[in-house]
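Structure record follows, encoded as structure tokens.
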Amino acid sequence: MHNETERLRFLTNISTNILMNCNIQGLITYCNKRCAFLFSQTGLNGSRLEDIFDADNTNNIKRLIVETIVREIPHTLQIKHQQRHYNIYIYPDTDSAALCIEDITERKQLSGLLNTASERMNFAERTAKLGYWELDIKAKKIFWSAEMFRIFGLRGENISVKKNIIKQQVIKQDLPIYKEKLQQLVTGGKPVEGMLRIKRGNGKIAHCFFKAGLIKNDENHKIAGTFQDLTDLVEIQIALEAAKAAAEKLNRAKSYFLAQASHDLRQPMQALAIFIDTLMNEDLSAEQYSIVRKIHASAENLRNLLDNLLDISKLEAGGVEAHLQTFNINSLLSGILQEYAHIAEKRNITLKYVPCSQLINSDPILLERVIRNYLSNAFKYAKSKILVGCKRHKNKLKIMVIDDGAGIAPEETKLIFEEFYQSQNIPNNKKNGSGLGLTIVKKIADILQMEAGVKSSPEKGSCFYIETKENPEE
């Protein structure tokens with residue numbers, strides 16, 4: 001018996017918990033060494049609880065000691081004392097109570113950190129609409145994060161941990177994809193991903209991007225993955241694609257109509273031109289002739305605009321195809337420049353051509369249209385000089401039309417080929433074009449699989465070019 005008492009005293013003294021015995025008045029009749037050490041007292045036997053704890057904690061402990069002794073039922077209390085947290089377990093012991101006080105400060109701090117991390121993780125999941133799931137292959141148990149349940153529109157308390165919810169919620173058409181991906185994961189061991197449609201708890205369809213991978217350890221293997229709800233993005237994309245398809249359909253219908261009506265629309269303009277030419281040959285007064293010339297200029301601008309509109313419509317309707325052949329670029333350019341020579345002379349502009357004997361493979365008719373549009377544009381804005389030439393670079397040939405006009409600001413160079421756009425750096429008295437000539441150039445260049453572009457600076461002129469691969473033949 002003596003040995004047993006010594007053994008118990010030894011065990012209580014080495015315990016990491018605080019052990020004490022109190023009577024119903026709160027008088028401490030026994031404490032272990034841990035208790036005396038932590039509360040900085042050499043002899044707690046004969047001390048009272050109020051000598052250790054503050055008034056609130058003392059009153060709460062005494063109240064439970066009385067209940068424990070009277071009713072002989074254990075009680076538990078959690079207190080904070082001197083910036084530390086304790087669990088107090090009170091057990092009945094004849095006419096007194098045994099107290100086991102456990103320091104839970106580090107555990108509580110860790111729990112707080114875990115709760116904070118969990119809250120942050122839940123916030124990140126909700127913000128990204130990204131849910132986490134994990135399947136224990138051996139135990140056949142599945143874990144879902146809160147966001148997984150939100151994505152699937154389900155309540156966690158109603159779901160069995162052994163139930164394969166994903167398999168049940170994936171729509172029938174996408175189920176083979178899900179099964180195939182998991183099979184690839186299990187057999188190959190490499191992470192898998194893909195798009196799946198799932199049926200939410202409310203019956204609505206959700207579009208999700210899922211990923212899955214294997215987690216291996218010595219005891220067990222798990223499959224873990226994520227589901228990201230992309231329903232909003234997918235629905236926006238579907239709506240945009242539908243709107244784009246509708247717009248393209250309307251645009252094709254417009255282009256088809258204009259392309260088909262090309263002859264009927266051009267015929268009145270041709271008749272008008274004949275009438276104006278006839279009128280200009282009549283015996284007119286100086287004032288009448290001036291008016292007729294203005295009518296002629298307006299009609300010419302209208303004809304150019306109509307031609308450009310019809311050409312663009314024909315290009316957009318797919319009515320233009322490239323017929324490639326090998327030819328000498330010099331024969332094409334020299335022929336065009338001979339026609340523009342008298343215009344240059346009339347406008348007092350120096351038109352210079354640097355001959356180029358390169359053979360290229362392209363459509364000469366479409367390429368000629370590009371050069372003519374570039375020249376027409378150059379003659380509108382050049383001050384005194386226009387230069388036409390070619391430049392070889394590796395296996396490419398760049399055909400250039402350079403003018404000394406007002407130039408174009410850098411931010412406008414990407415806009416200059418758009419429909420109806422005219423540079424803001426051009427004087428208003430020279431903005432007499434339709435703003436479609438360069439748009440036609442860009443569309444023709446696309447058909448020819450060439451690059452149309454411009455290099456320009458304000459007050460330094462512009463260099464419009466079209467670049468194509470050269471023919472290997474010499």
Sequence of Arg155, Arg63 when ordered by accessible area, the most exposed leading, probe 1.4 angstrom = Arg155, Arg63
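Sort 408-415, 164-171 for me by packing, meaning the mean count of neighbouring Cβ atoms within 10 Å per residue, highest on top.
Numbers: 408-415: 14.0, 164-171: 15.9.
So the order, starting with the most tightly packed, is 164-171, 408-415.
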inquiry  = If I compute solvent accessible area with a 1.4 Å probe over the protein chains, what percent of it on segment 102-145 is carbon and sulfur?
reply    = 61
ask   = What are the lysines whose alpha-carbon lies under 28 Å from the alpha-carbon of Lys294, with same-chain residues fewer than 8 places away excluded?
value = Lys346, Lys380, Lys383, Lys385, Lys430, Lys431
message = For Cα pairs less than 8 Å apart in space and 6+ apart in sequence, what is the mean separation divided by the residue count of the chain, i.e. the relative contact order in percent?
response = 8
task = Name the lysines eligible as straight-distance cross-link partners of Lys129: C-alpha to C-alpha under 17 Å, and not fewer than 8 places from it in the same chain.
result = Lys199, Lys204, Lys211
query = By how many degrees, 0 to 90 and rounded to 10, does the Cα axis of helix 286-316 deviate from the longest principal axis of the chain?
reply = 50
key: Cysteines in the chain that, by Cβ-Cβ distance, have no pairing candidate under 4.7 Å   = Cys22, Cys100, Cys208, Cys463
inquiry  = Just checking my list (i) 22.8; (ii) 46.5; (iii) 24.7 against mean projected area of the Cα convex hull in nm² computed from this structure; which label fits?
reply    = (ii)
task = Determine the share of segment 346-410's accessible area contributed by carbon and sulfur atoms, expressed in whole percent, with a 1.4 angstrom probe.
result = 54
message = Name the residue from Tyr421, Gly407, Ile236 whose Cα lies farthest towards the positive end of the charge dipole of the chain, charges +1 on Cβ of Lys and Arg and -1 on Cβ of Asp and Glu.
response = Ile236
ask   = Where does the chain land at 222 nm, in deg cm²/dmol rounded to the nearest 500, when only DSSP H runs of n ≥ 4 count, each adding -39500 (n - 2.57), divided by all residues?
value = -15000 deg cm²/dmol
Cα-centred dipole magnitude for segment 163-297, charges only on beta-carbon of K, R (+1) and D, E (-1), debye, nearest 20 = 1220
task = Could you give the size of the charge dipole of the chain about its Cα centre, using +1 on the Cβ of each K and R and -1 on the Cβ of each D and E, expressed in debye and rounded to the nearest 20?
result = 700
query = Angle, helix 175-188 long axis vs. longest principal axis of the chain, Cα atoms, 0 to 90°, nearest 10?
reply = 70
query = Which of the residue pairs Lys141/Lys222; Lys140/Lys190; Lys398/Lys455 have a Cα-Cα distance greater than 19 Å in the structure shown?
reply = Lys140/Lys190
Sites matching trypsin sites (Lys or Arg not before Pro) across segment 338-398 that sit in DSSP coil, with at most 16 neighbouring C-beta atoms within 10 Å = Arg347, Lys383, Lys394
Rounded if a/c under 1.5, otherwise prolate or oblate - segment 20-85, Cα gyration tensor axes = oblate
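How much area per residue is accessible in the chain when the probe is 1.4 Å and only protein heavy atoms are counted (Å²)? Please report the intermediate quantities before stating the final value.
Details: 28880 Å² over 474 residues.
Computed with neighbouring chains in place, this is 61 Å² per residue.
The values are calculated or read from the model by the stated rules, or taken from the named source; none is laboratory data. Worth saying up front: this structure is predicted, and the values here are computed from it rather than measured. With ideal geometry, Cβ positions are generated from the backbone for all residues, glycine too; neighbour counts draw on all protein chains shown. These area figures cover heavy atoms from the full protein model, side chains too; ligands, DNA and RNA do not enter into them. Shrake-Rupley method; radii C 1.70, N 1.55, O 1.52, S 1.80 Å.
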